[in-house]
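Only one structure is covered here, and it is reproduced in the block below.
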Amino acid sequence: MPHDDPDHPHALLPPDPALRVKALETILTRKGLIDPAALDEIIDTYQNKIGPQNGARVVAKAWIDPDFRKALLKDATPVVADLGFYGRQGEHIVAVENTPDLHNMVVCTLCSCYPWPLLGIPPGWYKSDAYRARAVREPRKVLAEFGVTLPSETAVRVWDSTAEIRYLVLPMRPAGTEGMGEVDLAALVTRDSMIGTGLPKVPS
Ligand code: FE
């Protein structure tokens, strides 16, 4: 019997994380602690309805509307809430602006705090031990691994997200985008450019 094996005390648990989640969900449902339909709704919302396209809209708007940009940098939370981007994991959003002198990069050294209403669910690497430790220690090296090489005169500032504050990086508007509208500009804004581990796409 597998559960008699002293080397594998957890052998009765399904090995696959998805199976474990399913097992937990089944137990919690049976105990009446969760409603599976509500759970599906939440997962669908964060997987399909909320994602980096929200943050991209905010960035594109900031690129073309100086008053919006000013308000965003002053106090982002009500400004993005006005666009309908609020809710769990987005209670206090701070926007930080990239300039030729300063590049901002976001990490959560403690866990995986992230502005969900603007960027959706964090990518796996954002939650990894390696990123969380190295982003602070050797940000330029980490950036290089993401394919981002900054001029030596550009300083890098790393922001540590917490449960109280979640950061949105406002990347620099790429050259050659003069005259482009909000929708086309938003298509250039990548998720990573809003975390600071990437740059916006350049128009082809
Ligand atoms: Fe966290």
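Computed quantities for the displayed model
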quantity	calculated
Members of the stretch 131-156 found to be away from the ligand (no atom under 16 Å from the Cβ) and among the β-branched types (Val, Ile, Thr), listed by number	VAL142, VAL148, THR149, THR154, VAL156
Filtered residue count, the stretch 93-116, keeping only those that are at pLDDT 95 or above, surrounded by fewer than 18 Cβ atoms within 10 Å (Cβ to Cβ) and not β-branched (Val, Ile, Thr)	4
Helices (runs of 4 or more DSSP H) within the stretch 130-204 that include 1 or more residues assigned by TED's automatic domain parsing to the domain that holds SER112 and closer than 21 Å to ILE64 by Cα	182-186, 191-195
Residue in the stretch 141-158 that is nearest to LEU102 (Cα to Cα), counting only those that are exposed (fewer than 15 other Cβ atoms within 10 Å of the Cβ) and not hydroxyl-bearing (Ser, Thr, Tyr)	ALA155
Unmet criterion (only one of (1) over 28 Å from GLU91 (Cβ atoms); (2) crowded, with 17+ Cβ neighbours inside 10 Å) for SER204	(2)
Unique residue being of a type in the set (Val, Ile, Thr) and part of a helix (DSSP H, G or I) when the list is THR109, THR77, THR99	THR77
Scope the stretch 26-52; condition loosely packed, with under 10 Cβ neighbours inside 10 Å and not in a helix (DSSP H, G or I); matching residues	LYS31, GLY32, LEU33
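Yes/no matrix, rows are residues, columns are (1) within 14 Å of the ligand (Cβ to nearest atom); (2) surrounded by 15 or more Cβ atoms within 10 Å (Cβ to Cβ); (3) touching a residue at least 60 places away in the same chain (Cβ under 8 Å):
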site	(1), (2), (3)
LEU118	no, yes, yes
ASP129	yes, no, no
ASP160	yes, yes, no
VAL169	no, yes, yes
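Each row is one residue, and each column tells you yes or no for (1) hydroxyl-bearing (Ser, Thr, Tyr); (2) in contact with a Pro (Cβ under 6 Å, 6 or more places away or on another chain).
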site	(1), (2)
GLU145	no, no
LEU150	no, no
GLU153	no, no
THR162	yes, no
LEU170	no, no
ASP192	no, no
PRO200	no, yes
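The values are calculated or read from the model by the stated rules, or taken from the named source; none is laboratory data. Owing to the predicted nature of the structure, the values given are computational and were not obtained by experimental measurement. Positions of Cβ are generated from backbone atoms using ideal geometry, with glycine treated the same way; all protein chains shown enter the neighbour counts.
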